[in-house]
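Here's the structure, in structure tokens; my notes come after.
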Amino acid sequence: MELLQMRGGTPLIGEVQTTGAKNAITKLLVASLLSDKRCTFYNVPNIGDVEVTVALCREMGSEISWDKKEKVLEIVTKELRTSYIPQRFSGANRIPILMIGALLGRSEEDIIVPTVGGCKIGSRSVDFHLDALRVLGATIELREMKKESAYFAHAHNGLHGAVIQLAYPSIGATENSILAACCARGTTIIKNAAIEPEVVDLILFLQKLGAHISLDADRTICIQGTRKFYDVEHTVIPDRIEAASFGMLAIGTKGRVFVKGARHADMLCFLNKLRELGGGFAVKKDGIEFFYDGPLQGGLHLETDVHPGFMTDWQPPFVVLLTQSTGASIVHETVYENRFGFTQALREMGADISLFKQCLGGKCCRFSSHTFSHSIAVKGPTPLLGKAIAIPDLRAGFAYVMAGLISHEESTLSGLHFLDRGYESLVPKLESLGAVIRRSTPNLVPAQDIQVTEKLVIA
């Protein structure tokens, strides 16, 4: 088992380059299955979720060439080899469910997709996906197969355009609906759609591919079905979650880090909250510089929301920042009901965090009538103690890295595969900023090679 050990208390200083967005490239690879044309992607991150998606596309019949050093990936699916996604992809990530929308438009065969996976931060129901696809003419049911669950889907009579009214602007449901609508007969209108930058990036790619698609200001997406496609070259947008993560890490460690490639327009709400907290940043022509600008002042009220609101994936490391801020702050999670599970480890590190089942904030959310602890109060500043922590999910993992690099004691993290899903070369990047950190496999590392500093020993 690999471990990540670190000792904090050192201000992080330097420059890091953002990678391509995990939540964009994985969906773009699925979208390429709509046609038999060659698609070339640039700025492709070498992370776990891309590895899984590449394997999934190859299973479907895609020919893929991936230059990881140059971050260039070419994919062409001249014909589908199968419409059955093996059970080994069940639970790997959320991508298999998007295969339904992509494959329905290209295959007349029955499509079999294993149940979804990803981080355990809430139910993340796929009902929004399935209901939307049924409106377009798909038949979908959940069956037991070899003691496992799988979705069986088909559209033997073809998909047809329709009006889809999403009950919630789910990113995945919006993407699934768009993919299916691209090959449907007639016009599809998706109302109350997600408009995250990653969704817009998908729309731009599909337009290059040949789709007739538009996005209106009122969360309405209009797609005219087509069967004529073209070769595509597309550059993946920078990862706004990674950019914000390193920005918060710079401020939390009282350092200064230039995040090259960070896009101002994608981080507007985050930057507003960061400035309200007292964190420093300066927008440059090719990125954003983040820096400690004096003691952080709490007293914030923060609610996560769909774009253009405060992104739920920014929330865990932001909570760590709040533990270092003077005063009491409130965080209301409205996207995933179980996202605050990560706070238990922070409390054990010394953070003053209280959980509440009520909606603490300016509005009631869809969890208001349930018993989920989806609001917290954070009081600070509190020194953080070192701790051994098993990472439960991707964004909690970075929050723990951040907490460990703020603490003046040693911390050890396990479950590093979660971090590998979304952060490319995390340890080398942190080391380049001056972090005292080491990744190792304890049982395989000779004793003479495990010392990082005189005070930090990897064992």
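All of the numbers you see were taken from the coordinates with simple rules; none came from a lab. Bear in mind that the values here come from a model prediction, so they are computed numbers and not experimental data. Please note: Cβ atoms are built from the backbone with ideal geometry, for glycine as well, and neighbour counts cover all protein chains shown.
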Quiz item: Which of Ser62, Ala24, Ile13 sits farthest toward the positive end of the charge dipole of segment 8-72, with +1 on the Cβ of Lys and Arg and -1 on the Cβ of Asp and Glu?
Solution: Ala24
Practice problem: Mind pulling the angle between the C-alpha long axis of helix 48-60 and the longest principal axis of the chain? Nearest 10 degrees, somewhere in 0 to 90. | Solution: 20 degrees
Quiz prompt | Lys, Arg +1 and Asp, Glu -1 on Cβ, resulting dipole of the chain about Cα centre, debye, nearest 20 | solution = 240 debye
Exercise. Specify which residue in the list His154, Leu202, Ala180 is farthest towards the positive end of the charge dipole of segment 22-235, using unit charges on the beta carbon of Lys, Arg (+1) and Asp, Glu (-1), about the Cα centre.
Key: His154
Quiz item: Relative to the first principal axis of the alpha-carbon coordinates of the chain, what is the inclination of helix 95-104, with its axis defined by its Cα atoms, in degrees from 0 to 90 and to the nearest 10?
Solution: 20 degrees
Quiz item: What order, most packed first, do the peptides 14-27, 304-317, 156-169 have when packing is the mean number of other Cβ atoms within 10 Å of each residue?
Solution: 14-27, 304-317, 156-169
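If the limit is 24 Å between Cα atoms, which of Lys284/Lys379; Lys387/Lys429; Lys254/Lys379; Lys273/Lys363; Lys284/Lys429; Lys22/Lys69 go over it? All intermediate terms of the calculation are to be shown ahead of the outcome.
Details: Lys284/Lys379 33 Å; Lys387/Lys429 22 Å; Lys254/Lys379 19 Å; Lys273/Lys363 18 Å; Lys284/Lys429 20 Å; Lys22/Lys69 17 Å.
With Cα atoms farther than 24 Å apart: Lys284/Lys379.
With the convex hull built on the Cα atoms of segment 22-235, state its orientation-averaged projected area in nm². Walk me through the numbers on the way to the answer.
Working: hull surface 42.6 nm².
For segment 22-235, the mean projected area of the Cα convex hull comes to 10.7 nm².
Pick out, in residue order, every one of the GluC sites (Glu not before Pro) in segment 34-72 that is DSSP loop and has at most 13 other C-beta atoms within 10 Å; say none if there are none. Can you show the working numbers first?
Working: sites: Glu51, Glu59, Glu63, Glu70; in loops: Glu70.
Those that pass, being in a loop and sparsely packed, are Glu70.
Grab the Cα-Cα distance for Arg38 and Glu141, subtract it from 0.36 nm times how many residues apart they are, and report the gain in nm with one decimal.
On the way: separation 103, 0.36 × 103 = 37.08 nm, distance 3.24 nm.
Using 0.36 nm per residue and subtracting the Cα-Cα distance, I get 33.8 nm.
Using +1 on the beta carbon of Lys and Arg, -1 on that of Asp and Glu, and nothing else charged, what's the dipole of segment 1-71 about the Cα centre, debye to 20?
Working: 9 positive and 9 negative charges, 29 e Å.
Roughly 140 debye for segment 1-71.
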Quiz item: If one takes the longest principal axis of the Cα atoms in the chain, at what angle in degrees, from 0 to 90 and to the nearest 10, does the Cα axis of helix 22-31 lie?
Solution: 10 degrees
Quiz prompt | Simple Cβ-charge dipole of segment 22-235, Lys/Arg +1 and Asp/Glu -1, about Cα centre, in debye nearest 20 | solution = 140 debye
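Quick one: which of 435-441, 239-245 comes out on top by average Cβ neighbours within 10 Å, and what's the full order, highest first? Could the numbers behind the result be given before it?
Working: 435-441: 18.9, 239-245: 26.1.
Ranking, from highest mean packing down: 239-245, 435-441.
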